[in-house]
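Structure, as structure tokens:
Every number in this text was worked out from the coordinates using simple rules, so none of it is lab data. Small disclaimer: the values here were computed from a predicted structure and weren't measured. Here the Cβ positions follow ideal geometry from the backbone for every residue, glycine too, while neighbour counts run over all protein chains shown.
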Amino acid sequence: MRGHAPHEHGQGDGSGDRDAHAQSHAHHPHGHDGAGCGGGHEAGDVVGRAERLCQTRGLQFTRLRRDVLAAVAAEHRPLGAYDIAERMSAPGRRVAAVSVYRALDFLTEQGFVHRISSRNAFVSCGHEHGAGAGLVFLICRTCGGIDEMTAPAVESALDQTLAGTGFSPTSRILEVEGECGACRGRNDVPDQA
């Protein structure tokens, strides 16, 4: 996230001002702030950031990984692996979905994309999260847009619940479906006939 904790995915100690992470990040261009994962970042910026981080981490950022990330980052909505493969394919050159899935596994592990489980689809991430940040995706059923945010109060309550059960999560992603403010606002406007 721009202007927030200086940690990349999986790095840092997770301390810091969690309240600063309570800002929403748009994945779609229909009147939201556009400052977040996929939304306020150019595809080239997302790919460039990933390239720099892979180099710093000593990881290979192959052409396939780069192309998959570029395809996801170019969209302002979640894409499934088959959609990505189709966008990357050219006449006479078919990209296999299994190859896309392998690239997505790597990109997800590195925090360059997020998987939206309820849609079996992916969105790019062009900003930083604190280590272990719990992500909340707000999914609009009307327009299909997705906003990403962190919610310190939700994280705190979840931490207490997990501590009481002894459960150790491998992922802390919450998906909430409903109607976004922009769509709700359009539905609340009376017809002017």
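Taking amide hydrogens as placed 1.01 Å from N in the peptide plane, the amide H of GLU175 sits under 5 Å from those of PHE137, each at least 5 positions away in sequence or on another chain. Remark: the stretch 91-99, residue by residue, has Karplus-estimated 3J(HN,Hα) of x, x, 9, 8, 8, 6, 4, 4, 5 Hz, where x stands for each Gly or Pro and the curve is 6.51 cos²θ - 1.76 cosθ + 1.60 at θ = phi - 60°. Over the C-alpha trace of the stretch 43-116, radius of gyration and Dmax come out as 11.7, 36 angstrom.
The residues packed around SER89, meaning those with a beta-carbon under 13 Å from its beta-carbon, carry a net charge of 0 if Lys and Arg are +1 and Asp and Glu are -1.
Net charge near ILE173, counting Lys/Arg +1 and Asp/Glu -1 over other residues with Cβ under 11 Å of its Cβ? Write down the numbers at each step before the final one.
Details: positive: ARG115, ARG172; negative: GLU148, GLU175.
It works out to a net charge of 0.
Is the C-alpha gyration tensor of the stretch 50-193 telling us rounded, prolate or oblate? Criteria: a/c under 1.5 is rounded; beyond that, a/b larger than b/c is prolate, otherwise oblate. Oblate is the answer for the stretch 50-193, as a/c is 1.5 or above yet b/c matches or exceeds a/b. The amide H of GLN110, built 1.01 Å from its N in the peptide plane, has no neighbour under 5 Å, considering only residues 5 or more places off or on other chains.
Each peptide in 171-179, 61-69 gets a packing score, the mean of other Cβ atoms within 10 Å over its residues, and the list from highest to lowest is 61-69, 171-179.
Local charge sum around GLU51 (other residues, Cβ-Cβ under 13 Å, Lys/Arg +1, Asp/Glu -1)? Walk me through the numbers on the way to the answer.
On the way: positive: ARG49, ARG52, ARG57, ARG63, ARG65, ARG66; negative: ASP45, ASP67.
Residues near GLU51 contribute +4 overall.
Modelled spin-label separation between ARG94 and GLU51, with each label point placed 7 Å from Cα along the Cα-to-Cβ direction: 3.1 nm.
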